[in-house]
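We did not get these values from a lab; they are worked out from the coordinates using the rules stated. Predicted, not measured: the structure shown is a model, and the values here were computed from it.
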Amino acid sequence: MAPVVRNGTPNAISPLASRRVRHIVSAFCGIGLVSLVLMTDCDRAPQASKSVGSGGEWLDFQGTWTAVGIRNSMRLRGDRRAYISMFNGSLVLEGPSRPGVGFRSEAIVFSDTATGMVGRAVWTDENGDQAYSELLGEGTAKNNKITGTFVGGTGRYSGATGTYEFSWRFVLENEEGLVQGQSKGLRGRVRLDSQQAGAADKGAPRS
């Protein structure tokens with residue numbers, strides 16, 4: 001990102017930049033701590049929850065996705081804005097047939113206040129297996145609805161298909177581009193490839 005310019009003179013190391021660095025480090029440290037707690041809880045979960053869905057049936061779930069990130073913006077005509085954002089966070093799923101309990105999450109998103117958003121996301125479980133998804137949403141001020149489509153992954157999620165949907169609410173936005181948000185009404189369903197899921201469950205560490 002370009003240095004802050006004040007009175008025509010670049011200010012490469014300003015108190016504002018220093019505060020921004022501290023905010024970003026604090027936010028990501030918080031996410032890291034949450035992820036560590038989630039992964040610890042998942043390791044303690046009964047092994048039966050890890051093998052749910054190994055038969056290839058549809059798995060319904062709901063949950064909460066929380067993330068922090070950096071957002072760069074571009075001003076367009078009038079009030080229109082375009083954004084490129086990168087998020088890291090944690091995902092906790094609920095429901096008797098959920099495919100997992102806790103995940104680390106990463107997402108890259110391009111959004112336009114007039115036309116919506118597109119993005120890509122990766123969920124990583126306690127065993128390191130990843131589920132990939134494509135994000136698409138209207139994401140406008142009037143209709144903030146986002147749909148995710150699973151497009152495979154690694155390990156037990158290599159054949160994953162299905163969709164999920166949610167809306168997104170920002171709880172922190174500042175002038176330096178640091179953002180923090182949380183999903184609302186996240187729910188969906190996923191089907192795992194029976195052979196891949198079964199092989200992954202056999203190789204999963206036992207608690």
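Panel values: segment 94-164, Kirkwood radius from alpha carbon pairs, Stokes-Einstein at 4 °C and 1.567 mPa s, translational diffusion coefficient 100 µm²/s. Stretched out straight at 0.36 nm per residue, the stretch from ILE108 to ARG169 would grow longer than its current Cα-Cα span by 20.3 nm. Here the extension length gained between THR161 and TRP58 equals 36.2 nm, from 0.36 nm per residue of separation less the Cα-Cα distance.
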